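J.: Structure incoming, see below.
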Amino acid sequence: MTILLVAEHDNASLKDATHKALSAAQAMGGDIQVLVAGENAAAAAQEAAGLAGVAKVLHAEGAGLAHALAEPLSALIVSLAGPYDAIVAPATTTGKNVMPRVAALLDVMQISDVTKVVSADTFERPIYAGNATQTVQSTDAKKVVTVRIAAFPAAGTGGSAPVETVGGASDPGLSTFVGEELSKSDRPELTSARIIVSGGRAMQSRENFTTYIEPVADKLGAAIGASRAAVDAGYAPNDWQVGQTGKVVAPELYVAVGISGAIQHLAGMKDSKVIVAINKDEEAPIFQVADYGLVADLYQALPELAAELGKLGR
Amino acid sequence: MKILVPVKRVVDYNVKIRVKPDGSGVDLANVKMSMNPFDEIGVEEALRLKEAGKATEVVVVSIGPAQAAETLRTGLAMGADRGILVKTDAAVEPLAVAKILKGVVEAEAPGLVILGKQAIDDDCAQTGQMLSALLGWSQGTFASKVVIDGDVLSVTREVDGGLQTVKLKMPAIVTTDLRLNEPRYASLPNIMKAKKKPIDEKTPADFGVDTTPRLKVLTTVEPGARKAGVKVGSVAELVQKLKSEAGVI
Ligand SMILES: Cc1cc2nc3c(=O)[nH]c(=O)nc-3n(C[C@H](O)[C@H](O)[C@H](O)COP(=O)(O)OP(=O)(O)OC[C@H]3O[C@@H](n4cnc5c(N)ncnc54)[C@H](O)[C@@H]3O)c2cc1C
Ligand SMILES: Nc1ncnc2c1ncn2[C@@H]1O[C@H](COP(=O)(O)O)[C@@H](O)[C@H]1O
């Protein structure tokens, strides 16, 4: 069994999602080779060579690969797919964009958002916003799999795999990258943060996220998340959305502030180790999943929380 | 230009589903069904493009049982011009849905297909990308903004780090994200009018598609529930518990 893991990176370095998807690939067993496709991505390819348990790194260069656009990247993966029994990628927005194309071109049904590897052809995955877990067995000759990164630990380093240059498939020229607006922040990324503080509709404004959530997040070294309602209202950027159709997170500590606990939100955070809910409505469904619930007005509770954390020297 | 909008009939997003105790699946008897919310956003976007003079006809298509006609009627009541029901009682996986849609696209020749980014039942998030690959078209997934300029489509996409904008050659595939628009409600007169709009019936066989599943579902179970927690009386108590009991700060 040979597995091709599609690395997620920004050309300079690997994203944490790659290390987590590697754990899932290791659970499937067999030889693992990593594809690093990009533009000036030699550094990321070198980093991939240092991942634990990787047999080989395939490094593909091309201007069309710079932004991991789906059409050229899927064409490349399909051109390389021949010898592999499985092709695996993290279920990030990049993986979700590219991998179903690969699956369709190979005439394979993709297994999306795998949360557990049972064996090389059998996987667990959540359906209905995580209200049910399916165990599915693939009957396709090649498996195309995306991995829910919150469900797997990061694989280690210490390997020294050879890096082989592979020719980029030709760019079909269907789409061009125009630009991006990436949120800049010194905080940890949502999907790899140890602690997350999230705000909901009750935050009422973007400024209140700054005034009330940020000081608490600063003291905890936390990432900041949001409910859909907060994002829709423009209080928080789209990439903060936690939930069924946003990011799925599983930090050590998740603090939900002014969030009611709709099933779509719970789907994105209910596997957190410890959940704290702060809500002024004691009937709010969020309390059903919270380890610690505080019935309080957030506009009082958050400044107090920042002060208490301050007393701990944070 | 014609716009095709695939719409899926799914369990309503407000329903908390029940898993059958024998592990054989999700209990769908007497459960409220609705149009997949992302597909409502797709219908809305198509209608807005038509209203802006960028499109001439909006066709909705659904693959599913006879009742999927109700889902099509919802789209027609919103303002779509006609519907296509590809009737089957079998469970159809995204790969087979994409193959059927490819057949529909070849018959209808739309310039744009707008799908939802994911169906909220299977949570697969595959069909649009698969259709795009099968057709050899461009794709703009997770769209929060769509602008047509001649034969170029500019799509702003919601990605993990923020927003990305791409330009696509048309014909193209778009999949909708939540912020693309807010779907309209159908007015009563439009609901009445929709009853007279045509719905064409087809079968997967008409498009030569074998819908045999590629994934065998071995079991469907309820995920483990969380242990009930406690209410704390004050912020000070919360911090103390997080520190000494949970050990997370
Ligand atoms: C297709 C689809 C996909 C979706 N995907 C997602 C998703 O990925 N993520 C997601 O989060 N949602 C998602 N949703 C939306 C979801 O159904 C809910 O609408 C949303 O999560 C509600 O956000 P909220 O809890 O912030 O707002 P509300 O439900 O309005 O809750 C606000 C809460 O704040 C409390 N509150 C008010 N004032 C205060 C105060 N001063 N102090 C303390 N508490 C206060 C209230 O008691 C209430 O519980 C999706 C919905 C659909 C249809
Ligand atoms: N049976 C179906 N009938 C019509 N459209 C569908 C069907 N299944 C999936 N789709 C479309 O594909 C999108 C993504 O579905 P999925 O890949 O299953 O998450 C949906 O939002 C619909 O637009």
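Bear in mind that the values in this text are calculations on the coordinates, not laboratory data. As the structure is a prediction and not an experimental result, all values here were calculated from the model. A quick note on method: Cβ atoms are made from the backbone with ideal geometry, for glycine too, and the neighbour counts reach across all protein chains shown.
J.: Of B:K50/B:K169; B:K2/B:K193; B:K2/B:K202; B:K54/B:K202, which pairs sit farther than 25 Å apart, going by alpha carbon to alpha carbon?
T.: Pairs exceeding 25 Å: B:K54/B:K202.
J.: Please state the charge dipole magnitude for the range A:2-166, taken about the Cα centre, from unit charges on C-beta atoms (+1 on K and R, -1 on D and E), reported in debye and rounded to the nearest 20.
T.: 360 debye
J.: Also: With +1 on the Cβ of every Lys and Arg and -1 on the Cβ of every Asp and Glu, and nothing else charged, how large is the dipole of the range B:2-246 about its Cα centre, in debye rounded to the nearest 20?
T.: For the range B:2-246, the charge dipole is close to 380 debye.
J.: Of the options B:G53, A:G200, B:A186, report the single residue whose Cα projects farthest towards the positive end of the charge dipole of the protein assembly as shown (beta-carbon charges: Lys, Arg +1; Asp, Glu -1).
T.: Final value for the positive-end residue is B:A186.
J.: Exposed loop trypsin sites (Lys or Arg not before Pro) only (DSSP loop, at most 11 other Cβ atoms within 10 Å): please give the longest stretch of chain B free of them, not including the sites.
T.: B:33-194
J.: So, one more: Whole percent per 10 Å bin, from 0 to the bin with the longest distance: what is P(r) over all C-alpha pairs of chain A?
T.: The percentages, shortest bin first, are 6, 26, 30, 23, 12, 3, 0.
J.: Return the whole-Å distance between the Cα centroid of the range A:55-119 and the Cα centroid of the range B:85-146.
T.: 19 Å
J.: Restrict the search to the range B:162-249; then list the GluC sites (Glu not before Pro) that DSSP places in a loop and that have at most 14 other Cβ atoms within 10 Å of their Cβ.
T.: Passing sites in the range B:162-249 do not exist.
J.: Right, another one. Does the range A:195-312 come out rounded, prolate or oblate, given a ≥ b ≥ c as the square roots of the eigenvalues of its C-alpha gyration tensor, rounded meaning a/c under 1.5 and, failing that, prolate meaning a/b above b/c?
T.: Verdict is rounded for the range A:195-312.
J.: Between A:M269, A:P285, A:S74, whose Cα lies farthest towards the positive end of the dipole of the protein assembly as shown when Lys and Arg beta carbons carry +1 and Asp and Glu beta carbons carry -1, centred on the Cα centre?
T.: Highest projection toward the positive end goes to A:P285.
J.: Please state the shape class of chain B: rounded when a/c is under 1.5, otherwise prolate if a/b exceeds b/c and oblate if not, all from the C-alpha gyration tensor.
T.: Cα axes put chain B in the prolate bin.
J.: Can you tally the net charge around A:A120? Count Lys and Arg as +1, Asp and Glu as -1, for every other residue whose Cβ sits under 15 Å from the Cβ of A:A120.
T.: Net charge in that neighbourhood comes out at -1.
J.: Quick one: P(r) of the range A:70-119 from all Cα-Cα pairs, 5 Å bins, percents rounded to integers, in order of increasing distance.
T.: That works out to 4, 20, 33, 25, 13, 4, 0, in percent per bin.
J.: Roughly how many Å is it from the Cα centre of the range A:275-300 to that of the range B:176-249, as a whole number?
T.: Going from one Cα centre to the other spans 23 Å.
J.: Put +1 on the Cβ of every Lys and Arg and -1 on every Asp and Glu Cβ in the protein assembly as shown; which of A:G246, A:A12, A:T133 then has its Cα farthest towards the positive end of the dipole?
T.: Checked the options; the winner is A:T133.
J.: Now, a different point. Can you list the aspartates and glutamates whose alpha carbon is less than 14 Å from that of A:K247, not counting same-chain residues fewer than 8 positions off?
T.: A:D113, A:E189, A:D239, A:D271, B:D123, B:E158, B:D160, B:D177
J.: Taking only C-alpha pairs under 8 Å that are 6+ residues apart, what is the relative contact order of chain A in percent?
T.: 15 percent
J.: Here's something else I'd like to know. In whole Å, how far is the Cα centre of the range A:16-30 from that of the range B:31-72?
T.: 38 Å
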